[in-house]
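Working notes, beginning with the structure itself.
The values are calculated or read from the model by the stated rules, or taken from the named source; none is laboratory data. Keep in mind that this is a model prediction, so the values were computed, not measured. Glycine also receives a Cβ, built like all others from the backbone with ideal geometry; neighbour counts cover every protein chain displayed. Surface areas here come from the heavy atoms of the whole protein model, side chains and all, with no ligands, DNA or RNA. Shrake-Rupley method; radii C 1.70, N 1.55, O 1.52, S 1.80 Å.
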Amino acid sequence: MIKVGDYVPDTKLFRMCPEGSESISSLEWFSGINAVVFAVPGAFTPLCSARHLPGYLTKSAEFFAKGIDKIACISVNDVYVMHAWGENQGVNNEIEMLADGSGLFTKAAGLVLDLSDAGFGIRSGRYAMLVRDSVITNLHIEQSGKFEVSDAESMLGVI
């Protein structure tokens with residue numbers, strides 16, 4: 001499992017751009033920037049849509065004022081679902097919606113949540129991290145079913 005002081009896993013992630021789906025290297029994406037990243041078990045799910053993503057959207061200006069260059073949301077969903085969810089939530093350019101459709105980043109991070117028994121398959125655990133030039137400087141991992149440490153307020157408190 002990733003920990004503070006580690007580099008972010010170097011895997012492919014996907015994002016939507018005007019030309020369509022684009023594959024990016026996670027290590028390159030984080031290179032040279034200060035980023036706050038939060039991961040959710042699934043796009044369009046109740047807690048993720050009602051509190052997790054909206055919390056970061058509401059607080060985005062505060063993050064940027066504190067020197068954060070980018071805010072990203074990662075989920076084990078495909079790029080089209082992540083793009084649609086971002087549009088549905090009105091993220092515009094405030095939050096980058098990064099798709100980990102095959103769970104490569106999630107598996108490399110050691111933060112897999114197996115929800116197969118509930119019909120959701122392999123997902124990401126809920127967490128948030130502060131990354132400075134590809135190095136994880138803070139990591140807040142939720143216990144299963146909880147939403148107490150990966151919210152926007154908690155992350156603002158460590159910057």
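Some points to look at:
- Between residue 112 and residue 132, the C-beta separation translates, for a Förster distance of 35 Å, into a calculated FRET efficiency of about 0.90.
- Cut-off 12 Å, label 7 Å out along Cα→Cβ of residue 120, residues of segment 144-159 by amide N: 144-147
- Take segment 1-125 with all the other protein chains still there, run a 1.4 Å probe, and you get 48 Å² of accessible area per residue.
- One decimal place: the segment residue 143-residue 84 gains 18.5 nm when fully extended, by the rule 0.36 nm per residue minus the C-alpha distance.
- Among 39-45, 117-123, sorting by the average number of other beta carbon atoms lying within 10 angstrom of each residue, highest first, gives 39-45, 117-123.
- Each peptide in 99-108, 130-139, 143-152 gets a packing score, the mean of other Cβ atoms within 10 Å over its residues, and the list from highest to lowest is 99-108, 130-139, 143-152.
- Rel. contact order, % - alpha carbon contacts under 8 angstrom, at least six apart, segment 90-153: 19
- Here segment 24-71 exposes an accessible surface that is 57 percent carbon and sulfur, computed with a 1.4 Å probe and the other protein chains kept in place.
- Spin-label model distance (nm) - residue 104 vs residue 28, 7 Å beyond Cα toward Cβ: 1.2
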